[in-house]
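Asker: Supplied in structure tokens, the structure appears directly below.
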Amino acid sequence: MSGLLAATLVVSLAGQPSEPPDRIARVQRWLSAVVHHRVGVLDEAALEVSSWSVPQLSVLFTDLRALTFLMRKPSQTFASPYRSVPLFGKAELQRMKVLACAAAGIALTDPACTKDKVSDRFDADLQELHRLAVDGAGAGADNYVLKYGALFQTDIAMLAPESASPIALRRGGAQRFRVEMTDGQSTNIHQTAVHWEIARMLLDAVRASRTAQPAPGRDTMVRDWYVATAQWMQFNVHYDSNHLSHARQLFPDDRDLLFLSGTLHAIYATPRMQAAVKSVALPPGYTMDAKSDGEELRQARTLLRRAVEIDPSFVEGHLRLGRVLALSGSVAEAIPELLIAERDAADDPDRYYAALFLGGAEQATGRLDDAQAAYGRAAELFPLAQSPLVALAELARQRGDRTGALRAMQEVFALPPEADERKDPWWVYDIWHARDADDLLAAVRRPFGGDDTP
């Protein structure tokens, strides 16, 4: 299985706006892009921002964070985190203030905005942005730029060709590194654009009213965005533990986020991921998110157990917990979880996984008849799947039944030669739990005018 595959797309820039002359102009161009973007679509606005370089987007992260502060207090000034160097000069700060008054919808109500008559400096896009911010447009409070901007960055991260550059550590701004892998081997490591980081930073400023403090952990849209995007990442083999770690800080007792965090650590424990981690040559001072297989399984077990404690009826949680327990050597604990999963599974693939894993657990405890029965149930669900047949062959060999082992392997060899014709759910186990990602994304986008189709 391959992950984080890179693609190159040549996009004609004919008819697109010229390069912004400076960082404040880039912020304004980004705001205009949010106004013109259609949520869920790779349109011209998304393509333009996706064409900005990795360093430019890193600086944009810092400037947009400053914008969110100015939206709440336009009169404030900023100091750089680097000694005494100002983050903005006087003229730059004044221009940012104009943008913030438009983005927050306060140009005609906040004294700091009305005093300087900032609305007189609005172009058509800033006028429209101000109108949308006042209206709320599905975002509530002064969250329009925050929520629409996060969805805009999400669309770029998901739909646009990826920006990448050689690793060059820079002072200031967010930075993101990505390792590409194929068949358990790392093939490339590079610095990538911080679209996800920008989206998370914007949502961190969401609040319930114009007088409240930021409280993204109380916002349903923010929670649904994290679940949908985490599912999308895992379904598309894009692994980012920081994304889910941040989500759990906001929603520590959310069943779905605990579950997705557990499945991610379980994936990190797989042989292909462990092999890829060992093959990566990172720059000095950097470490991979993935730890040893034992540590990853321990984290997966803790998170998945917490998910089923919160919701004991969570069948897929019991299934994945049972699998992790069995892999950890806690077979006796795994069997009850897998029995629950097989009994209550709502679809055949989950029932198949439960029976297959239960067979392995029973075999490990020496209950070979029960193991054979479980493997048989899995084979009945998907007669063209090779995994139960191979398991039955190994079980027969363990029993000294050479005839039974040969018969099971002959059934394997008689299967269709094309893998996609065999329909073995085992081959998609690591993404099956995230199969609803597109539906969840459509539900998040819908209140903001997004298409049902991502």
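Taken together, the values in this text are just the output of simple stated rules run on the coordinates, not laboratory data. Small disclaimer: the values here were computed from a predicted structure and weren't measured. Here the Cβ positions follow ideal geometry from the backbone for every residue, glycine too, while neighbour counts run over all protein chains shown.
Asker: I need the shape label for the stretch 255-436. Rule: rounded when a/c is under 1.5, else prolate if a/b > b/c, else oblate, with a, b, c from the alpha carbon gyration tensor.
Answerer: Because a/c hits 1.5 or more and a/b exceeds b/c, the stretch 255-436 counts as prolate.
Asker: Of the GluC sites (Glu not before Pro) in the stretch 404-435, which ones lie in a loop per DSSP and count no more than 16 other C-beta atoms within 10 Å? Walk me through the numbers before you get to the answer.
Answerer: Values: sites: E411, E418, E421; in loops: E418.
Answer in residue order: E418.
Asker: Could I ask something else about it? Can you put R131, R72 in order, fewest other beta carbons within 10 Å first? All intermediate terms of the calculation are to be shown ahead of the outcome.
Answerer: Numbers: R131 14, R72 17.
Ascending Cβ contact count within 10 Å gives the list R131, R72.
Asker: Taking 7 Å along the Cα-to-C-beta vector as the label spot, tell me the D135-T211 distance in nanometres, rounded to one decimal.
Answerer: Calculated label separation equals 2.6 nm.
Asker: Fewest to most neighbouring Cβ within 10 Å: what's the order for T229, T220? Provide the component values of the computation, followed by the final result.
Answerer: Numbers: T229 27, T220 8.
Going from sparsest to densest Cβ surroundings: T220, T229.
Asker: Going 7 Å from the Cα of S279 toward and past its Cβ, which residues in the stretch 223-249 have a backbone nitrogen under 18 Å from where you end up?
Answerer: Output list for this probe position: 237-239.
Asker: Leaving out same-chain residues fewer than 8 places away, which lysines sit with a Cα under 26 Å from that of K117?
Answerer: K73, K90, K97
Asker: Take K423, K115 and order them by how many other Cβ atoms sit within 10 Å, fewest up front.
Answerer: On the way: K423 13, K115 10.
Least crowded to most crowded, the residues run K115, K423.
Asker: Then there's this: Label L384 and D439 with points 7 Å out from Cα along Cα→Cβ: what is the distance between them in nm?
Answerer: Taking the two extended label points, one gets 2.4 nm.
Asker: Label the stretch 40-162 by shape, choosing from rounded, prolate and oblate, from the square roots a ≥ b ≥ c of the eigenvalues of the Cα gyration tensor; if a/c is under 1.5 it is rounded, and otherwise prolate applies when a/b is larger than b/c, oblate when it is not.
Answerer: On the way: a/c = 2.04, a/b = 1.19, b/c = 1.72.
Taking the square roots of the gyration eigenvalues as a ≥ b ≥ c, the stretch 40-162 is oblate.
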